[in-house]
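Note sheet for the following structure.
The numbers here are math on the coordinates, done by the rules we state, and not lab data. Please read these numbers as outputs of a predicted model, since none were measured by experiment. Don't worry about glycine lacking a Cβ; one is built from the backbone with ideal geometry, like all the others, and counts go over all protein chains shown.
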Amino acid sequence: MKTLAAAALGALLTTTAAFAQDTFPTGPVTIIVPYGTGGSTDLTARSIAIELEQIWGQPVVVENRSGAGSMIGTTAMTQAEPDGHTLLINTAAITTAPAIQAELQYDPIEDVTPISLLITSPYVLVGGANVQSNDLTGFLAEAQERPMFLGTAGPGSSSHFMSELLIQAADLPAEVIHFSGGGEAQTNMMGGHSDTYISTTASVMPYVNDGRVKALAVLAPERFSLLPDIQSSGEAGIEGVELQGWVALFGPGGMDPALADRINADFATAMATDSMQALLTDNYALAGDLSPTEFREVYLRDLQIWADLAEARGIGQ
């Protein structure tokens, strides 16, 4: 009798879980963006939200909760119920911040469910008014003649960690200079107050295209198919800087794997629309194509890489 009861309970739970996936969402969905309005992550989230409303038949609200290197918005997401109605779209900064924030208010492994890798692009090293070289090979030679100053969007930002990674990999005689955000970092670089900046294609290519900065390299083993005229770091003989920039979707920890799979599939449908493909093209980026399980491996790998770099370079100490 106990065996029959257990089997019946198991069947009921399975049926309930399947029903939950079939009926999701049951109401409005909130997508938290841990940055201010008008930035590339915010615009991406709002564009996806329009497509999701057509797929789900429910309102999709984008809520901006910026501050603390994206950790305010991320923390808010982790405190929500893992029912899929509160999600987070964040950049790779979600993997750098835990490496330097000792008083993190959530567990980056237990309290976060990686759901979908939405967008990927290589990091690009750009040079400002002070840099005479036109590629990374020339820049490395130039750096032997005078000290270089690598601007960042602030302590713990992706640009900070990528700059430290380049300094380590290339044994570069350089220092980092922190600014308040990527816009300020690029403005100061263009004004000659720093030499370079590293960020994703969406952030730097508008400035490259109008001639205000020079693209010295994509930080990748080979040239990027969407930017074939820009030297790769691999061509310049630099290894160990090949991490990609990305924009991704997360949910609270403890989310049912079947629900994560369902949301992953719906976001993939949204990303395949003409409007989202046009957005990718405009930003020299590619759509991600990983399952939640596969993306979790990327997320955990990046967390470890940045933790190791922070220890090696004394970042945040």
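For the stretch 215-317, rounded, prolate or oblate, judged on the Cα gyration tensor with a ≥ b ≥ c (square roots of eigenvalues), a/c < 1.5 rounded, else prolate if a/b > b/c? Each step should come with its number before you reach the end.
On the way: a/c = 2.75, a/b = 1.20, b/c = 2.29.
The shape class here is oblate.
For the chain, the relative contact order works out to 26 percent when only alpha carbon pairs closer than 8 Å and six or more residues apart are counted. Peptides 156-163, 95-102, 221-228 ordered by packing proxy, namely the average of other Cβ atoms within 10 Å per residue, highest first: 156-163, 95-102, 221-228. Amide H contacts of GLU63 (H built 1.01 Å from N, in plane; Pro and chain starts excluded): ILE31, ILE32, VAL33 sit under 5 Å, all sequence-distant by 5 or more or on other chains.
Using the Cβ atoms and a cut-off under 12 Å, what net charge is assigned to the surroundings of PRO147, where Lys and Arg are +1 and Asp and Glu are -1?
Working: positive: ARG146; negative: GLU142, GLU145, GLU175, ASP195.
The answer is -3.
Taking the beta-carbon count within 10 Å as an exposure proxy, list ILE72, ILE48, ILE238 from fewest neighbours to most. Walk me through the numbers before you get to the answer.
Details: ILE72 14, ILE48 25, ILE238 22.
Taking fewest neighbouring Cβ atoms as first place, the list is ILE72, ILE238, ILE48.
What number comes out for the charge environment of VAL62, summing +1 per Lys or Arg and -1 per Asp or Glu over other residues with Cβ under 9 Å away?
Its environment carries a net charge of -1.
How would you classify the stretch 129-236 from its alpha-carbon gyration tensor, with a ≥ b ≥ c the square roots of the eigenvalues: rounded for a/c under 1.5, else prolate if a/b is greater than b/c, otherwise oblate? Note, shape of the stretch 129-236 comes out rounded. In the stretch 125-208, the DSSP beta bridges split such that about 30 percent are antiparallel, to the nearest 5. Given R0 = 45 Å, the distance between the Cβ atoms of ALA141 and GLU294 translates into a calculated FRET efficiency of 0.70. Taking 0.36 nm per residue of separation and subtracting the Cα-Cα distance, full extension of the segment from ALA102 to ILE55 would add 12.9 nm. For the stretch 47-113, the relative contact order comes to 23 percent (Cα pairs under 8 Å, sequence separation of at least 6).
When you count the other C-beta atoms within 10 angstrom of each residue and take the mean per peptide, 309-316, 186-193 line up highest first as 186-193, 309-316. Counting only DSSP beta bridges whose two residues both lie in the chain, roughly 60 percent are antiparallel. When the Cα positions of ILE55, GLY36, ALA170 are compared along the charge dipole of the stretch 34-170, ALA170 comes out farthest toward the positive end, with charges on each C-beta of Lys, Arg, Asp and Glu.
Return the calculated 222 nm mean residue ellipticity for the chain, to the nearest 500 deg cm²/dmol, obtained by summing -39500 (n - 2.57) across DSSP H runs with n ≥ 4 and dividing by the residue count. Result for the chain: -13500 deg cm²/dmol, rounded to the nearest 500.
A simple count of charges around ILE100, restricted to other residues whose Cβ falls under 12 Å of its Cβ and scoring Lys, Arg +1 and Asp, Glu -1, yields -2.
In this simple spin-label model, placing a label point 7 Å from the Cα along the Cα-to-Cβ direction at both ASP308 and THR281 gives a separation of 3.9 nm. Would you please give the residues with an amide H less than 5 Å from that of TYR123, counting only those at least 5 places away or on a separate chain, with H modeled from the backbone geometry? HN-HN under 5 Å from TYR123: LEU219, GLY245.
This ranking places GLU175, GLU110, GLU103 by how few other beta-carbon atoms lie within 10 Å of each, fewest first, which gives GLU103, GLU110, GLU175. Normalised radius of gyration (Cα atoms, divided by 2.2 N^0.38 Å) for the stretch 260-317: 1.56.
Report the calculated FRET efficiency for ASP171 and THR23 (r = Cβ-Cβ distance, R0 = 41 Å), to the nearest 0.05. Intermediate values should be presented prior to the final figure.
Details: r = 57 Å, r/R0 = 1.38.
Computed FRET efficiency for ASP171 and THR23 comes out at 0.15.
Please state, rounded to one decimal and in Å, the Kirkwood hydrodynamic radius that the chain gives when every pair of distinct Cα atoms enters the mean of 1/r. Show your work: numbers first, answer last.
Details: mean 1/r = 0.0486 Å⁻¹.
One over the average 1/r among Cα pairs gives 20.6 Å for the chain.
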